[in-house]
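Bear in mind these aren't lab numbers, they're just calculated from the coordinates by the rules spelled out. Everything numeric here is computed off the predicted structure, so don't read it as measured data. No Cβ is skipped: glycine too gets one built from the backbone with ideal geometry, and neighbour counts run over all protein chains shown.
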């Protein structure tokens, strides 16, 4: 099966690759130094702001915006298939997507505002997000329940006159620590007695700094704090917001979550392929520069096998993602959920294994921050939990496959 990228996508791919060569790779060490020396690790870095200005000036901005919402961006929107190679290129450096205003969780949150927000909500929150002036967070996961089943969410929301009152806890809320994050999209239980478990939830907009909204602590994954975005634990202590802060309508929170998470899963897979491709390239260079037992590493059979296996897996992952993207473009999210689940459960694990091999070829150095692989491994590992753990998606995919072929 061949995949044809539009002329617009092909042009953007060339321009983006040049930008990465000219401005991103040469600044990796400078970025790390600024972050290491920052008084506040969750503050905006001067280098990031400088690179954002360059990206905007070159028209490499909001590339994630889908075709149906092209009126929100200058490039007119891209299909999933057209965006995939762009996200892969950005994914080669973990902090690069933010340079182009294409980083999670903001991309997913902006799509929520495009799909479900009122004109007033779009004016207040979507407009500055698209401009890169503010950041956002999506507050769904909770520490005391299995949040892989979204109907388990317990944060309580109730009406009190013309206000909503929110009480409960959230954690691993990406972006919450960032000083420019100004808005939280919060999912909670507004109608716990509704016999339809999928109508019990509502999503409400809570501005950062609202009285009662408490950031308890930053959280890490395998020792990484993912600054300057970060993940946080939050507590909502009778937080009050206006009634009009509801998104779409009462009881429609589960519906919004399904519409938001599917594109996000695919964006992670796209970026992870960039991580794996770069790790493979670095490994190929490494094995030609080191020798053991009297010959280059590249001459050892086991090294060649690992390189070959990794190459094949990168290609398989890329083709799976492209096929899923093409399916989404042709048939929409819901009709493509089996392909999304297949990519979501296969790509992060495959990339994790590829990066692990490439780290091994770098010896002890592969585990350090001298190379991008250790942090990329961490990213691949937490992607197996993010947007729903693998086990849930495998259970759903298995059911769909059995129903298809057993019938």
Alpha-carbon Rg with Dmax, taken over the range 23-175, Å | 17.8, 56
For residue 299 and residue 124 in one chain, what is 0.36 nm times their gap in residues minus the Cα-Cα distance, to one decimal in nm?
-> 57.0 nm
Please tell me the relative contact order of the range 254-406 in percent, rounded to the nearest whole number, where contacts are Cα pairs under 8 Å and at least six residues apart.
-> 29 percent
How many Å³ per residue does the convex hull of the Cα positions in the range 208-327 occupy?
-> 161 Å³
Select from 124, 295, 309 the residue whose mean-square fluctuation is largest in a Gaussian network model of the chain (Cα-Cα springs shorter than 10 Å).
-> 295
Quick one: Debye curve from the alpha-carbon atoms of the range 191-236 only, equal weights, vacuum; give me log10 I(q)/I(0) at q = 0.30 Å⁻¹ to two decimals.
-> -1.03
Cα→Cβ-extended label distance, 7 Å offset, between residue 71 and residue 151, nm | 3.7 nm
Per 10 Å bin, what is the whole-percent P(r) computed from every C-alpha pair distance within the chain?
-> 5, 22, 32, 26, 12, 3, 1, 0
Using helices alone, what [θ] at 222 nm do you get for the chain, with -39,500 (n - 2.57) per DSSP H run of 4 or more residues, divided over all residues and rounded to the nearest 500?
-> -15000 deg cm²/dmol
Listed highest first by mean packing, meaning other Cβ atoms within 10 Å per residue, what order do 217-225, 76-84 come in?
-> 76-84, 217-225
Length gain on complete extension for the stretch residue 404 to residue 165, per 0.36 nm per residue less the alpha carbon to alpha carbon distance?
-> 81.6 nm
Among the range 61-82, those whose backbone N falls under 15 Å of a label point 7 Å along Cα→Cβ from residue 22 are 61
Square roots of five times the C-alpha gyration tensor eigenvalues of the range 136-251, ordered largest first and given in whole Å, equal 24, 17, 11
Divide, for the range 254-406, the radius of gyration over alpha carbons by 2.2 N^0.38 Å, where N is the residue count.
-> 1.19
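Scale the Cα Rg of the range 293-338 by the rule-of-thumb value 2.2 N^0.38 Å and send over the ratio, two decimals.
My calculation over the Cα atoms of the range 293-338 gives 1.90.
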Grab the beta carbon distance between residue 8 and residue 364, set R0 = 56 Å, and tell me the FRET efficiency rounded to 0.05.
-> 0.80
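Provide the FRET efficiency to the nearest 0.05 for the residue 29-residue 57 pair, computing r from the beta carbons and using R0 = 35 Å.
0.90
For residue 131 and residue 285, FRET efficiency with R0 = 30 Å and r from the beta-carbon atoms, rounded to 0.05?
Between residue 285 and residue 131 the formula returns 0.15.
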Exposure proxy order (Cβ contacts within 10 Å, fewest to most) of 300, 268, 71 = 71, 300, 268
